[in-house]
Amino acid sequence: MTSMSDAMQTALNDTDAVKALAALAQGNRLAVFRLLVVAGPDGLSVGNIAEALGLANATLSFHLKELANAGLITARQEGRYIYYAASIEKMNALIGFLTENCCGGVPGLCEPVSPRKC
């Protein structure tokens, strides 16, 4: 269960939400992020991402940097390889930010079609 202090730490302010939405407002970055969400917490190597999406390494590097700067992905190095994973916590915080006051204060009306949680 998430404590109140944990929820407050993951809550987004307007600036963070704009930064995250701007990062996702580009087709390749959105595709990278969605691929990493599907990959789960282990993430994918840069080579696997490039191969899956057909992106050149230089192009992919630029997009990964933008997503990382927005806090939407994390990186870890294992030997010679860098693995990227989606920050599910940040994604859920962004979704919460967008739906916080939806539907005239009746948030049940805003529940997703598929109620799966990551």
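The values are calculated or read from the model by the stated rules, or taken from the named source; none is laboratory data. Remember, predicted model here, so these are calculated numbers, not experimental data. Note: ideal-geometry Cβ built from the backbone for every residue, glycine included; neighbour counts use all protein chains shown.
Going by what's in this entry, would Gly71 be described as modelled with pLDDT under 95 and not aliphatic (A, V, I, L, M)?
No.
Give the residue that is surrounded by the fewest Cβ atoms within 10 Å (Cβ to Cβ), with candidates limited to residues of segment 63-90 that are free of Cβ contacts under 8 Å to residues at least 24 places away in the same chain and within 20 Å of Val18 (Cβ to Cβ).
Restricting to residues being free of Cβ contacts under 8 Å to residues at least 24 places away in the same chain and within 20 Å of Val18 (Cβ to Cβ), the top hit is Lys65.
Do the conditions hold for Arg34, that is, is it part of a helix (DSSP H, G or I) and loosely packed, with under 14 Cβ neighbours inside 10 Å?
Here the answer is yes, as Arg34 does meet what is asked.
Test Ala93 against the stated conditions and say whether it is surrounded by 11 or more Cβ atoms within 10 Å (Cβ to Cβ), assigned to a helix (DSSP H, G or I) and in contact (Cβ under 8 Å) with a residue 60 or more places away in the chain.
When the stated conditions are applied, Ala93 passes them.
Can you name the condition, by its number, that Tyr83 falls short on among (1) hydroxyl-bearing (Ser, Thr, Tyr); (2) in a loop (DSSP other than H, G, I, E, B); (3) modelled with pLDDT of 90 or more?
(2)
If you check every pair at least six apart or on different chains, which have Cβ atoms under 8 Å apart with a residue in segment 15-33 that is closer than 16 Å to Thr59 by Cα first and a residue that is among the basic types (Lys, Arg) and crowded, with 19+ Cβ neighbours inside 10 Å second?
Between residues of segment 15-33 that are closer than 16 Å to Thr59 by Cα and residues that are among the basic types (Lys, Arg) and crowded, with 19+ Cβ neighbours inside 10 Å, the close pairs are Ala23/Arg29.
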